[in-house]
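Structure provided below as structure tokens; questions to follow.
Bear in mind that the values in this text are calculations on the coordinates, not laboratory data. Given the structure is predicted, the values throughout are model-derived calculations rather than measurements. So basically every Cβ, Gly included, is an ideal-geometry build from the backbone, and we count neighbours across all protein chains shown.
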Amino acid sequence: MKLEGIHHVTCITADAPGNVEFYARLLGLRLVKKTVNQDDPTVYHLFYADEKGSAGADITFFEYPHARRGRAGAGMVHRIAWRVASEQALDFWEQRLGVAGVETARADGSLRFSDPEGLDLELVVVETNDPPLAAEHPEIPAELALQGFDHVRAYTSDAERSRPLLEETLGFTPHGDAGFESRGDRRGSLYLYDHAPAEQGVGGAGTVHHVAWASLQEDEEAWQQRVARAGARPTPVIDRFYFREPSGVLFEIATIGPGFATDEPADRLGERLSLPPDFEHLRAQVEPLLTPLPNPRG
């Protein structure tokens, strides 16, 4: 039983329209699901991914319209990295982001930048046998597009505290001095640590809420039981479950499938507001309360 790398990363935004412009129009990801936060159906939960909405390429955002700007600290993921295929891809993205007024920092094999709310992002050149998970975009050649997640970086004051859970319970393998790899039969990705800054983290816009790891659907119950035996106090299984690893980062284990096309056609993903069944009868009341969003494929 293995986890198949990163399933998705969920973050926080205070600006849903600006979020769509940045992640869908500028970075070229596909808006694959536009739904609501089930704790507050007057605000969005937005999902961006590759063309099919695949696990391994899915970055999501809870919208909190008046949220303060956050700051990553100990126990928080502070950077998200996508794969690209070549240095030529980094050339393309350095130019594209620069034209859009986004400051970048280029190093050998990587390009760092931030989204408009300060979330730290990176593109890295990676050679891998994992299939590329890319979206279609009229301004971005397929060979230069983002190809799915490579890693996330988290702040911790003591990476060794997390090693037993990551290695013995979740089956991660060591990677470098302070990193781990989650790799299954289909796909893999990295979880890397940096020493925490002195400043305490502050949740808010531009921060990561949680990182989810991909499980085969038939293994979800077994993972929940394994995590519980390790003392990590997981939630019950609801197609996914949450727990905190010892450094404080919120983890989720989410199933691969059934996928985003279960309630809307694959060629129309993200175009219509998708409501959970319990909220469908409230559509007429909910839709007028939501912030109008640009159509990134219009």
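Got a sec? How would Met1, Met76 order by Cβ neighbour count within 10 Å, fewest to most?
Result, fewest neighbours first: Met1, Met76.
Roughly how big is the chain's charge dipole about its Cα centre, with Cβ charges of +1 (Lys, Arg) and -1 (Asp, Glu), in debye to the nearest 20?
I would put it at about 440 debye.
Hey, what does the equivalent ellipsoid look like for segment 1-129, semi-axes from the Cα gyration tensor as sqrt of 5 times each eigenvalue, largest first, whole Å?
24, 18, 15
So how far, in whole Å, is the C-alpha centre of segment 91-165 from the one of segment 28-45?
About 22 Å separates the Cα centre of segment 91-165 from the one of segment 28-45.
Here's a follow-up. Which residue, Pro131, Pro41, Pro65, has the most motion in a Gaussian network model of the chain that connects Cα atoms within less than 10 Å?
Pro131
Counting helices only, and only those DSSP H runs with n ≥ 4, report the 222 nm mean residue ellipticity of the chain as the sum of -39,500 (n - 2.57) divided by its residues, in deg cm²/dmol to the nearest 500.
Values: 4 runs with 32 residues, N = 298.
The per-residue figure over the chain is -3000 deg cm²/dmol.
Label points 7 Å out from Cα along the Cβ direction at Asp177 and Arg297: separation in nm?
4.5
Taking only the C-alpha atoms, wrap a convex hull around segment 72-143 and report its volume per residue in Å³ as a whole number.
121
Between Glu221 and Asp194, what is 0.36 nm times their sequence separation minus the Cα-Cα distance? Round to one decimal in nm.
The span from Glu221 to Asp194 would gain 6.6 nm if fully extended.
Sort Ile253, Ile140, Ile6 so the one with the fewest other Cβ atoms within 10 Å of its own Cβ comes first.
The order, fewest Cβ neighbours first, is Ile140, Ile253, Ile6.
Give the Kirkwood hydrodynamic radius (Å, one decimal) of segment 153-218, defined as one over the mean of 1/r across all pairs of different Cα atoms.
Taking every pair of different Cα atoms in segment 153-218, averaging 1/r and inverting gives 13.5 Å.
Skipping prolines and chain starts, which residues have an amide H placed within reach, meaning under 5 Å, of the one on Arg79, given they are 5 or more residues away or on another chain?
Long-range HN contacts for Arg79: Arg153.
Please tell me the relative contact order of the chain in percent, rounded to the nearest whole number, where contacts are Cα pairs under 8 Å and at least six residues apart.
28
Specify which residue in the list Val125, Pro141, Phe243 is farthest towards the positive end of the charge dipole of segment 6-289, using unit charges on the beta carbon of Lys, Arg (+1) and Asp, Glu (-1), about the Cα centre.
Going by the charge dipole, the pick is Phe243.
Once you have the alpha carbon radius of gyration of segment 6-289, what is it after dividing by 2.2 N^0.38 Å, with N set to its residue count? Provide the component values of the computation, followed by the final result.
Values: Rg = 18.3 Å, N = 284, 2.2 N^0.38 = 18.8 Å.
That ratio works out to 0.97.
Counting DSSP beta bridges with both partners in the chain, what percentage is antiparallel, nearest 5?
Here the antiparallel bridges make up roughly 65 percent for the chain.
With N denoting the number of residues in segment 41-97, provide Rg(C-alpha) divided by 2.2 N^0.38 Å, to two decimal places.
1.49
So, one more: Shape verdict for segment 71-222, please, from the Cα gyration tensor: rounded (a/c under 1.5), prolate (a/b greater than b/c) or oblate.
Verdict is oblate for segment 71-222.
Using the count of nearby Cβ atoms within 10 Å as a rough guide to exposure, how do Glu280, Glu181 rank from fewest to most? Can you show the working numbers first?
On the way: Glu280 11, Glu181 18.
The fewest-first ordering by Cβ neighbours comes to Glu280, Glu181.
On a straight-distance basis, which lysines could pair with Lys2 in a cross-link, Cα separation under 29 angstrom, same-chain partners fewer than 8 positions away excluded?
Straight-line reach from Lys2, under 29 Å: Lys33, Lys52.
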